[in-house]
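> Would you mind keeping the following structure in view while I ask a few things?
The values are calculated or read from the model by the stated rules, or taken from the named source; none is laboratory data. Not measured: the values here are computed from a predicted model. Virtual Cβ from ideal backbone geometry, glycine too; neighbours counted across all protein chains shown.
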Amino acid sequence: MNLDSPLDSLKGIGDKTKQVFAKAGIECVGDLLAYYPRMYDRYEAPVRIRDLREGETAAVSAVLTAPLATRRLRGLSISTVLCSDGSDALALTWFNMPYLKNSIRPGTPYVFRGRIKSKGQRLLIEQPAVFRAEQYEQLSRTLIPVYPLIKGLTGQMLQKALRQVLPQKDLLRDHMPEEYRKAYQLSEYNFAVEQIHFPESEQALLLARRRLVFDEFFFFLLQLRRLKQTRRQSENRFVLRPSAQAARLIAGLPYTLTAAQQRVWHTIEQELGGPAVMARLIQGDVGSGKTILAILALVTAADNGFQGALMAPTEVLARQHYASVCELLEANGLPFEAVLLTGSMTAAQKRGAYQKMASGEASIVIGTHALIQEKAVYHNLALVITDEQHRFGVRQRELLAQKGETPHVIVMSATPIPRTLAVILYGDLDISVLDEMPANRLPVKNCVVGTGYRKKAYEFIRAQAELGHQAYVICPMVDESEAIEAENVLACARRLQQALPDSIRVEYLHGKMKPSEKNEIMERFLRNEIQVLVSTTVVEVGVNVPNATVMMIENAERFGLAQLHQLRGRVGRGNAQSYCIFLHTAGGKHIEERLGILCKSNDGFEIASRDMQLRGPGDLFGVRQSGMLDFALADIYADASVLQEANEAVGDLLAKDPLLEQERHRELRLRLGALVRHQSENLNL
């Protein structure tokens with residue numbers, strides 16, 4: 001068995017189970033080992049019933065006050081009982097578990113654990129886990145991994161498969177040179193993989209996570225440096241002169257470019273016509289005007305007789321960019337044709353787009369990952385632009401650039417990253433910052449409140465909807481989990497549907513939905529057919545909805561400040577006053593002070609710097625907060641020091657062995673090659 005061995009080489013995994021694993025992206029042993037827990041659950045000591053708080057997950061040591069009462073309602077078996085620990089009573093409810101009546105009895109002490117809810121004047125736990133005291137004591141000494149799951153895949157299935165693989169130490173030869181392991185105090189790779197799945201202690205978990213985070217940064221930066229070396233050697237084959245049509249477009253805009261936009265555009269114009277290939281990052285808050293600069297660059301390429309392509313991370317965003325480009329071309333009488341290419345288009349539509357791209361008839365191409373597929377052939381691609389840069393890996397950027405003969409590259413990001421980190425993460429690019437917002441943009445009004453404000457927040461959303469506006473409600477989870485006391489999308493959507501009148505349409509959106517479903521929901525929200533959209537952070541990379549005036553974020557304490565700022569940027573994009581409600585469930589002075597930073601500043605870069613200062617080595621027992629660059633474990637804010645160390649190690653390695661030819665770097669070379677192949681396969685290339 002090796003890392004490439006198919007999953008059905010393990011005992012207990014047949015065709016049906018293999019298909020379930022495949023839906024989660026686990027097709028081989030290597031995928032299984034890299035399917036890390038999203039958090040860890042700790043079984044804290046039981047608390048007294050009178051000290052319980054609604055919304056938390058807790059355990060109580062108590063006895064049943066009577067036998068379970070079971071009734072049936074619409075085909076559902078419901079078992080209820082009260083338990084007491086002498087301080088107070090707590091209601092317990094189980095669904096479709098009638099057999100419990102014979103296995104738990106009054107008078108015997110048990111530990112009941114679950115999420116605390118309230119019903120009337122009484123607290124209750126629905127579907128609590130039940131333990132004997134000695135069982136719970138044993139669990140309280142361990143960290144329980146909680147994995148991202150899909151329908152049909154359970155944590156038990158994952159753990160059973162992992163326990164077959166992990167003892168085979170020869171599978172995982174340590175690829176990291178010993179000199180770097182010693183210099184940066186990195187744990188051995190086998191230890192790290194085993195402890196990330198089955199940690200013996202919190203200290204062991206921290207050591208394991210640090211090693212794996214270092215590896216993620218290390219290989220990312222290694223690919224980045226190699227890409228930079230290639231670009232350095234490239235002369236400008238597409239000298240693009242300043243465009244009269246671009247100047248005409250600027251003159252025809254219904255607004256004046258900000259000083260920051262003018263400064264950055266001047267830099268782009270100079271580099272497009274300079275001696276070296278342009279490779280530039282445009283960084284700026286949501287709404288700072290990056291898109292119009294991208295369109296001006298595309299028009300410049302077209303006016304010089306070449307093609308330009310813009311790649312967006314979602315179909316909805318690609319379609320919106322396409323509509324904006326077409327509208328501007330038509331309104332200003334510009335003689336260029338734009339074409340759209342996305343994965344959901346019909347075969348006939350794709351053929352038409354391919355033909356116009358290959359012939360050069362279309363000088364502006366806009367799309368999703370479909371732009372880098374094998375069938376996408378360009379006539380004379382001189383410029384490639386990627387939007388929402390943090391959603392694309394190095395390999396994706398490289399593949400799009402390879403569609404032309406070393407074209408100019410612009411990447412855009414609304415993610416506020418402090419410059420010290422941006423220089424590392426975008427090491428192959430020069431950086432321009434749009435540090436000014438349009439003058440007509442009204443600042444978003446913010447408030448930080450507890451759950452007691454939720455009813456008023458719903459009333460405010462209703463009032464805004466009745467004025468014709470729309471609202472986002474963001475939750476950190478899709479489904480309810482016993483292991484985490486966080487609002488979830490499905491329950492929140494149901495609650496809003498009950499609280500708001502039928503005239504206000506409430507829908508939900510999350511990352512587990514099919515792309516076609518997500519596209520349909522976002523298109524309907526864009527058309528104001530949906531007034532309230534309950535969503536996970538998938539809307540962070542979203543479309544421009546100027547009519548949305550309310551952003552309400554549940555469990556705001558579970559997000560990083562930089563991510564909260566980005567989510568806030570989804571509103572305040574129209575002429576009406578907009579509002580952001582940060583609702584937290586964990587009280588305390590520290591939480592309110594931290595979230596209060598967002599009320600004091602609208603500067604994403606200042607907020608990101610504060611975020612980096614406030615965050616420690618990551619919240620191992622909560623939701624990973626940044627989601628940046630699709631790292632599996634790494635968090636660029638919490639792990640900033642590890643990022644800097646990995647950058648130092650990569651620089652040292654390439655100075656000594658630029659092509660990784662030395663025998664002592666053989667395992668490193670093999671691992672890098674396997675990663676690149678895996679990335680290409682994931683892109684269906």
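> Output the qualifying pairs, or none if there are none: Cβ atoms under 8 angstrom, residues six or more apart or on different chains, first residue in the stretch 96-118 and in the same structural domain as Gln135 (by TED's automatic domain parsing) and surrounded by 12 or more Cβ atoms within 10 Å (Cβ to Cβ), second residue charged (D, E, K, R) and not in a loop (DSSP other than H, G, I, E, B).
Qualifying pairs under 8 Å: Gly114/Glu126; Arg115/Glu126; Lys117/Glu126.
> Which ones in the stretch 96-121 are within 19 Å of Pro67 (Cα to Cα), outside any helix (DSSP H, G or I) and not hydroxyl-bearing (Ser, Thr, Tyr)?
Selection gives Asn96, Met97, Pro98, Ile104, Arg105, Pro106, Gly107, Pro109, Val111, Phe112, Arg113.
> If Phe21 meets every condition in (1) over 19 Å from His197 (Cβ atoms); (2) outside the structural domain of Cys83 (by TED's automatic domain parsing); (3) out of contact with any Ser or Thr (no Cβ under 9 Å at 6 or more places or on another chain) apart from one, which number is that one?
(1)
> Could we say that Ile144 is out of contact with any strand residue (DSSP E or B) (no Cβ under 7 Å at 6 or more places or on another chain), touching a residue at least 40 places away in the same chain (Cβ under 8 Å) and either over 30 Å from Leu429 (Cβ atoms) or surrounded by 19 or more Cβ atoms within 10 Å (Cβ to Cβ) (or both) here?
no
> From Arg527, Arg568, Arg594, grab the single residue that is more than 21 Å from the chain's Cα centre (by Cα) and at pLDDT 90 or above.
Arg527
> Within the stretch 158-168, work out how many residues are among the basic types (Lys, Arg) and exposed (fewer than 13 other Cβ atoms within 10 Å of the Cβ).
Summing the residues that are among the basic types (Lys, Arg) and exposed (fewer than 13 other Cβ atoms within 10 Å of the Cβ) in the stretch 158-168 gives 1.
> Touching a Phe, Trp or Tyr at 6+ places or on another chain (Cβ under 9 Å) and not small (Gly, Ala, Ser), is that true of Leu281?
So Leu281 passes the test.
Residue-by-condition table, conditions (1) crowded, with 24+ Cβ neighbours inside 10 Å; (2) within 26 Å of Leu425 (Cα to Cα):
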{"site": "Val277", "(1), (2)": "no, yes"}
{"site": "Gln283", "(1), (2)": "yes, yes"}
{"site": "Asn304", "(1), (2)": "no, no"}
{"site": "Gln307", "(1), (2)": "yes, no"}
{"site": "Pro313", "(1), (2)": "no, yes"}
{"site": "Leu317", "(1), (2)": "no, yes"}
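> Going by the structure shown, is Glu557 crowded, with 19+ Cβ neighbours inside 10 Å, over 14 Å from the mean Cα position of the chain (by Cα), of a type in the set (Asp, Glu) and not assigned by TED's automatic domain parsing to the domain that holds Leu317?
Answer is yes for this residue.
> Pairs under 7 Å by beta carbon, first residue farther than 22 Å from Arg319 by Cβ in the stretch 491-518, partner charged (D, E, K, R), six or more apart or different chains?
Filtered contacts from the stretch 491-518: Ala491/Glu480; Cys492/Glu554; Leu500/Arg462; Ile504/Arg462.
> Only one of (1) within 24 Å of His678 (Cα to Cα); (2) at pLDDT 95 or above is not met by Tyr184, so which one is it?
Of the numbered conditions (1) within 24 Å of His678 (Cα to Cα); (2) at pLDDT 95 or above, the odd one out for Tyr184 is (1).
> Looking at the stretch 173-205, which of its residues are in contact with a strand residue (DSSP E or B) (Cβ under 9 Å, 6 or more places away or on another chain), in contact (Cβ under 8 Å) with a residue 60 or more places away in the chain and over 20 Å from Gly30 (Cβ atoms)?
Pro199, Glu202, Leu205
> Here's something else I'd like to know. Would you mind telling me which numbered condition in (1) part of a helix (DSSP H, G or I); (2) buried (at least 22 other Cβ atoms within 10 Å of the Cβ); (3) not aromatic (Phe, Trp, Tyr) Ser288 fails?
(1) is the only condition that Ser288 fails.
> To continue, here is another question. Are any residues in the stretch 567-606 hydroxyl-bearing (Ser, Thr, Tyr) and surrounded by fewer than 16 Cβ atoms within 10 Å (Cβ to Cβ), and if so, which ones?
Ser601
> Further question: Here are the criteria: (1) more than 25 Å from the chain's Cα centre (by Cα); (2) of a type in the set (Gly, Ala, Ser); (3) surrounded by 14 or more Cβ atoms within 10 Å (Cβ to Cβ). Tell me which single one Ala66 does not satisfy.
Result: Ala66 passes all but (3).
> Looking at Ala465 and the list (1) modelled with pLDDT under 90; (2) surrounded by 20 or more Cβ atoms within 10 Å (Cβ to Cβ), which single condition is not satisfied?
(1)
> Can you report the number of residues in the stretch 562-596 which are in a helix (DSSP H, G or I) and either under 30 Å from Tyr255 (Cβ atoms) or polar (S, T, N, Q) (or both)?
Adding up the residues that qualify gives 7.
> For the stretch 246-285, give me each residue that is in contact (Cβ under 8 Å) with a residue 60 or more places away in the chain, assigned to a helix (DSSP H, G or I), touching a helix residue (DSSP H, G or I) at 6+ places or on another chain (Cβ under 7 Å) and hydrophobic (A, V, I, L, M, F, W, C).
Once the filter is applied, which keeps residues that are in contact (Cβ under 8 Å) with a residue 60 or more places away in the chain, assigned to a helix (DSSP H, G or I), touching a helix residue (DSSP H, G or I) at 6+ places or on another chain (Cβ under 7 Å) and hydrophobic (A, V, I, L, M, F, W, C), the stretch 246-285 yields Leu249, Val264, Ile268, Leu272.
> A follow-up question, please. Which residues, counting only those in the stretch 108-119, are more than 22 Å from Arg42 (Cβ to Cβ) and either aliphatic (A, V, I, L, M) or modelled with pLDDT under 90 (or both)?
The answer is Ser118, Lys119.
> Can you say whether Leu240 is surrounded by 19 or more Cβ atoms within 10 Å (Cβ to Cβ), more than 32 Å from the chain's Cα centre (by Cα) and touching a residue at least 12 places away in the same chain (Cβ under 8 Å), as far as the supplied structure shows?
Yes.
Yes/no per residue for (1) part of a loop (DSSP other than H, G, I, E, B); (2) not aliphatic (A, V, I, L, M):
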residue	(1), (2)
Glu54	yes, yes
Ser61	no, yes
Ala66	yes, no
Ser77	no, yes
Cys83	no, yes
Leu92	no, no
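> Would you point out which residue out of Ile364, Ile424, Ile372 is closer than 23 Å to Ile636 by Cβ and either at pLDDT 80 or above or of a type in the set (A, V, I, L, M, F, W, C) (or both)?
Unique residue meeting the criteria: Ile424.
> For the structure I just gave you, tell me whether Ile150 is on the phi < 0 side of the Ramachandran plot and either of a type in the set (Lys, Arg) or assigned to a strand (DSSP E or B) (or both).
Spelling it out, it is not the case that Ile150 is on the phi < 0 side of the Ramachandran plot and either of a type in the set (Lys, Arg) or assigned to a strand (DSSP E or B) (or both).
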